[in-house]
Amino acid sequence: MHRIYNFRGMNETKTEKYRIISGLVFPILFVVLIWGIKFYEHSTGTDLTFLGLYPLNPKGLTGILTGPLIHADWKHLANNSLPLIFFGWTIAYFYRNIALKVFFLIYLLSQLWLWFFYVRPAWHIGASGVIYGMGAFVFVSGIIRRNRNLLAISLLVAFLYGSMVWGIFPYEEQVSWEGHLMGLIAGIILAYYYKDYGPEKPTELIEDDELNDEDDFWNDYSDDTENSYGESDNTGKNHTEK
């Protein structure tokens with residue numbers, strides 16, 4: 001009896017697992033980094049707010065690179081951690097060829113614009129701007145690509161983080177709504193810039209059906225052959241094996 005194994009399907013399963021796991025590596029490493037910085041602040045009694053971004057001031061230029069790594073307190077850090085992992089993994093999984101480019105462009109553009117456009121004269125810290133950028137990228141990309149998988153992710157983003165939109169308005173003095181807004185704009189622009197990159201519309205595959213039909217054929221053929229062994233006709237003669 002013949003057996004047909006879908007080795008390509010097995011390989012695709014392994015590839016899928018690898019993409020799921022590998023997509024978590026960078027986001028988790030980044031979150032570990034910002035938690036490590038906070039632990040350092042706490043254990044040494046150091047205040048690293050001076051590494052934040054101060055708009056239109058030379059002393060705040062360092063914050064373009066270091067501002068998103070610094071957080072005001074543990075609550076601020078905890079609130080940013082899960083969205084960083086979720087959006088980071090989503091971009092890494094669906095846009096693996098451009099994921100790092102998108103992340104670092106959002107990171108740098110949102111910080112550069114925040115420094116260049118005069119906003120409140122204060123230290124701006126935290127990775128919220130990066131989160132807004134990644135969220136906007138995922139949401140807008142899913143809409144303009146008309147890919148059902150990405151649209152589902154866009155709807156999930158809207159459901160889970162729809163309230164984030166209020167963060168771009170000056171509703172609370174201690175919240176850097178300007179950083180949120182710059183990140184949002186960066187994410188939208190990059191979604192349009194990279195609209196031709198990433199997953200395409202899924203195509204229908206018939207190879208599984210073809211394999212099933214072929215398997216049924218060999219099963220039927222095997223059954224017919226086995227039933228022919230030892231059967232006799234009306235004259236008492238046995239059928240010979242073909």
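Looking at region 126-139, can you tell me whether even one residue there is among the hydrophobic types (A, V, I, L, M, F, W, C), free of Cβ contacts under 8 Å to residues at least 60 places away in the same chain and over 29 Å from ILE37 (Cα atoms)?
Checked region 126-139: at least one residue is among the hydrophobic types (A, V, I, L, M, F, W, C), free of Cβ contacts under 8 Å to residues at least 60 places away in the same chain and over 29 Å from ILE37 (Cα atoms).
One residue is enough: does region 170-188 have a residue meeting the conditions part of a helix (DSSP H, G or I), more than 24 Å from HIS124 (Cβ to Cβ) and in contact with a helix residue (DSSP H, G or I) (Cβ under 9 Å, 6 or more places away or on another chain)?
No, region 170-188 has no match at all.
So GLY36 clears everything in (1) among the small types (Gly, Ala, Ser); (2) at pLDDT below 95; (3) loosely packed, with under 13 Cβ neighbours inside 10 Å except one condition, right? Which one?
Here GLY36 meets the rest and fails (2).
Picking from ARG145, ARG120, which residue would you name as being basic (Lys, Arg) and either surrounded by 15 or more Cβ atoms within 10 Å (Cβ to Cβ) or within 17 Å of TRP89 (Cβ to Cβ) (or both)?
The match here is ARG145.
For region 62-84, indicate whether the set of residues that are of a type outside the set (Asp, Glu), buried (at least 16 other Cβ atoms within 10 Å of the Cβ), in contact (Cβ under 8 Å) with a residue 40 or more places away in the chain and over 19 Å from PRO27 (Cβ atoms) is non-empty.
Yes, the conditions are met somewhere in region 62-84.
Collect the residues in region 49-97 that are in a loop (DSSP other than H, G, I, E, B) and within 17 Å of VAL32 (Cα to Cα), keeping them in residue-number order.
Of everything in region 49-97, those that are in a loop (DSSP other than H, G, I, E, B) and within 17 Å of VAL32 (Cα to Cα) turn out to be ILE70, HIS71, ALA72, ASP73.
Given GLU178, GLU207, which one is among the acidic types (Asp, Glu) and at pLDDT below 85?
Residue meeting the stated conditions: GLU207.
For ILE91, state whether it is touching a Gly at 6+ places or on another chain (Cβ under 6 Å), crowded, with 22+ Cβ neighbours inside 10 Å and modelled with pLDDT of 90 or more.
No; evaluated as a whole, the condition is false for this residue.
The values are calculated or read from the model by the stated rules, or taken from the named source; none is laboratory data. Bear in mind that the values here come from a model prediction, so they are computed numbers and not experimental data. Quick reminder, even Gly has a Cβ in these numbers, built from the backbone with ideal geometry, and neighbours come from all protein chains shown.
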